[in-house]
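Take a look at the structure below.
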């Protein structure tokens, strides 16, 4: 997995958190059998920045924990042989995670900041890969896969 990681936290993001997110995205990509060339970006922000993004793109004027912007680049109009198509990297999209919400929610939920960060990374990453929780059956599928990935990585509840 080709990951571009950006830090807009003014020094709040730790090296440990950066490495955990990087490792977990790679782990989740392997669990989903994605190609090494597939691309994703992850930007860590503070609450004021994610609040602006949430208001601008979702019409919700409050800070949130994770926002996923999936890129649907299924260019069905482009005809190419399968071998060539397999060589082209797929851009999955962009994730934004509030490092402030990681700490707040970990305290509120009574688990580690690592577990909360892992949950948000995997949750957002699954959204980029077409999973959602709008319908009960979809929620069950997404949340069970999310727990499977987190447990297999070692971030159990």
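Limited to segment 131-145, what total is found for residues that are in a helix (DSSP H, G or I) and surrounded by 14 or more Cβ atoms within 10 Å (Cβ to Cβ)? Final tally of qualifying residues: 4. Set side by side, the residues 34, 109, 120, 128 differ, and just one is within 22 Å of residue 155 (Cα to Cα), surrounded by fewer than 16 Cβ atoms within 10 Å (Cβ to Cβ) and out of contact with any helix residue (DSSP H, G or I) (no Cβ under 6 Å at 6 or more places or on another chain), which is 109. Scanning segment 1-15 for residues that are exposed (fewer than 13 other Cβ atoms within 10 Å of the Cβ) and in contact (Cβ under 8 Å) with a residue 12 or more places away in the chain gives 4, 10. In segment 123-143, the residues that are without any contact (Cβ under 8 Å) to a residue 60 or more places away in the chain and at positive phi form no Cβ pair under 8 Å with any partner that is surrounded by 15 or more Cβ atoms within 10 Å (Cβ to Cβ) and assigned to a loop (DSSP other than H, G, I, E, B), whether six or more places apart or across chains. Quick check: anything in segment 19-34 more than 23 Å from residue 142 (Cβ to Cβ), modelled with pLDDT of 95 or more and under 18 Å from the mean Cα position of the chain (by Cα)? Yes - at least one qualifying residue is present in segment 19-34.
Sort out which residues of segment 48-75 are in a helix (DSSP H, G or I) and either within 14 Å of the chain's Cα centre (by Cα) or surrounded by 17 or more Cβ atoms within 10 Å (Cβ to Cβ) (or both), and write them in order of number. Answer for segment 48-75, where residues must be in a helix (DSSP H, G or I) and either within 14 Å of the chain's Cα centre (by Cα) or surrounded by 17 or more Cβ atoms within 10 Å (Cβ to Cβ) (or both): 49, 50, 51, 53, 54.
The values are calculated or read from the model by the stated rules, or taken from the named source; none is laboratory data. A quick note: this is a predicted structure, and the numbers were derived from the prediction, not measured. Please note: Cβ atoms are built from the backbone with ideal geometry, for glycine as well, and neighbour counts cover all protein chains shown.
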